[in-house]
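These notes are about the structure you will find just below.
Please treat every number below as a calculation from the coordinates, not as lab data. Because the structure is predicted, anything quoted here is derived from the model rather than measured. Note that each Cβ is placed from the backbone with ideal geometry, even for glycine, and that neighbours are counted across all protein chains shown.
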Amino acid sequence: MNKEQKKNYITEMTAQFENSKAVMVTHYQGLTMPQLDELRSKMREHGIVFKITKNRITKLALEKTKCKDLSKLFTGPTAVAFGEDAIMSARILSKFAKDNESLKLIGGIMDNEILDQAGVLNVASLPTLDEARANIVGILNASASKLVSILLARSEKMSSLPPENSETQPKE
């Protein structure tokens, strides 16, 4: 890489780190090109960029960003996932890591919070925003339908009672 290419790389990486809400750092040693292509394809479907990095130059790009605390993670064969949805990034990476032991999740950042490996796995287990909304709607729907069924059951019980008339009433 010549000086101009390095300068462009630093500028591009700085922008990626600064503009991404979620950054996940991985080690990919042992993955084949077809495996990397498959992972990139899965990530791309959700608007996530998965990029193999040059550690020394990436550390220079990190210095001026909100992600500067991640620089210690950039050792060995490192790749980074940049995206807007931390949960989806963590999910895709953790699922892929289960199927391919060569991919190691080592940390990341969600909004401005630094995550270690366990943190990334915890984020992967969270429901996405759409799933959370669906759960809330389901809970609200269930409550409303339970209330309606209770009210209907009461009204059916009342209608099945014999009508009150004067003959069945005791006379005083």
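Calculate, axis by axis, the spread of Cα positions in the chain along the three principal axes, and write the results as whole Å, longest axis first.
Here the spans come out as 109, 32, 25 Å, largest first.
How large is log10 I(q)/I(0) at q = 0.20, 0.23 Å⁻¹ when the Debye formula is applied to the Cα atoms of the range 1-59, each weighted equally and without solvent?
Ignoring solvent entirely, the Cα scatterers give -0.92, -1.09.
Arrange the peptides 84-94, 107-117 so that the one whose residues have, on average, the most other Cβ atoms within 10 Å appears first.
84-94, 107-117
Can you spot the lysines whose alpha carbon is less than 16 Å from K104's alpha carbon? Ignore those fewer than 8 places along the same chain.
Candidates past the 8-residue exclusion: K51, K72, K95.
Figure the gain on full extension for A153 and E18 (residue separation times 0.36 nm, minus the Cα-Cα span) and round it to one decimal in nm.
42.8 nm
Pick out, from G47, I57, G107, the residue whose Cα sits farthest towards the positive end of the charge dipole of the chain, with +1 on the Cβ of Lys and Arg and -1 on the Cβ of Asp and Glu.
Working it through, the farthest residue towards the positive pole turns out to be I57.
Expressed in nm², what is the orientationally averaged projection area of the convex hull enclosing the Cα positions of the range 63-157?
8.9
What list of ³J(HN,Hα) values in whole Hz, one per residue of the range 27-36 in order, does the Karplus curve 6.51 cos²θ - 1.76 cosθ + 1.60 (θ = phi - 60°) give from phi, with Gly and Pro shown as x?
Calculated HN-Hα couplings, in order: 10, 10, 4, x, 7, 7, 4, x, 5, 4 Hz.
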